[in-house]
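Working notes for the structure below.
The values are calculated or read from the model by the stated rules, or taken from the named source; none is laboratory data. All of these numbers come straight from a predicted model, not from anything done at the bench. Positions of Cβ are backbone-derived with ideal geometry, glycine not excepted, and every protein chain shown enters the neighbour counts.
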Amino acid sequence: MLLALSRRHIILLLSIMALVSCASQPQNNFNIDALDKTVRYFEAPTALMRAAEQGDIPAMREALLSGSLLNAHNESGNAFSLALKAEHYTIAEFLLKVGASYQYGFAKEDPSALMLAAAKGRNDLTKQLIIKGAEVNHMDAQGFTAAAHAAMNRHLTTLKILINAGATVNADPQGQSILMHMVADNNPLIVQQLIGAGADVNYRNSNGDTALRIARRAGYYDLDLMLIQAGARL
């Protein structure tokens, strides 16, 4: 696992581990269990929010040592959401684990924290968010769900995690079902997973297209057969 990580990610991981380690040292007056999880709105970003957004581990440590609120937030979100949107995933995971909320900074019509994690195949973060109570079937204004993002970015394991948590696979982002997108992508593994999870094999879009028609036009004979066996019709 370590060999598969980039040098930057190894350094970041070690820095986070050091941050957690420091939390157990009484001389630093820093205890993870004692972090202040009070929810409070601030007009300007706090030191922790700025550090999390910038991926600045030392500044995060100093902010936490100084008693910065984990759930301080403004219109842009809190430390967790700012880190996640800036793609500082290890920091986002750490903040979520120590008590940061996943709900600030995500408008109803926008992608949720779970959708952002699923889109990048961040399995540990996806699991954490589900355990914390994130809505697995949240749909944004474009019709995307976490399952749609996982499938369309070819993250099979992430998709399985979401399905096991109760995610529906019948969303229709961009006017086509997830199944249709993955048939067009010629991805039999994900197509099989979607069918097994109850995808509507006869979904018809506004142009009258179906997954089977897409497979047949493209000459994807294995997918054609898979869909026919699942009850698909032209």
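Considering segment 64-89, the residues that are at pLDDT 95 or above and in a helix (DSSP H, G or I) include one that is surrounded by the most Cβ atoms within 10 Å (Cβ to Cβ), namely 79.
When we screen 178, 163 for residues that are within 30 Å of residue 233 (Cα to Cα), surrounded by fewer than 24 Cβ atoms within 10 Å (Cβ to Cβ) and assigned by TED's automatic domain parsing to the domain that holds residue 204, the only hit is 163.
Look through segment 51-74, keep the residues that are of a type in the set (D, E, K, R) and in contact (Cβ under 8 Å) with a residue 24 or more places away in the chain, and return whichever of them is nearest to residue 111 (Cα to Cα). By that ranking, first place goes to 53. Restricted to segment 154-234, the set of helices (runs of 4 or more DSSP H) holding at least 2 residues that are among the β-branched types (Val, Ile, Thr) comprises 156-164, 178-184, 188-196. Here residue 143 passes the criteria (1) within 17 Å of residue 85 (Cβ to Cβ); (2) surrounded by fewer than 24 Cβ atoms within 10 Å (Cβ to Cβ) except the one numbered (1).
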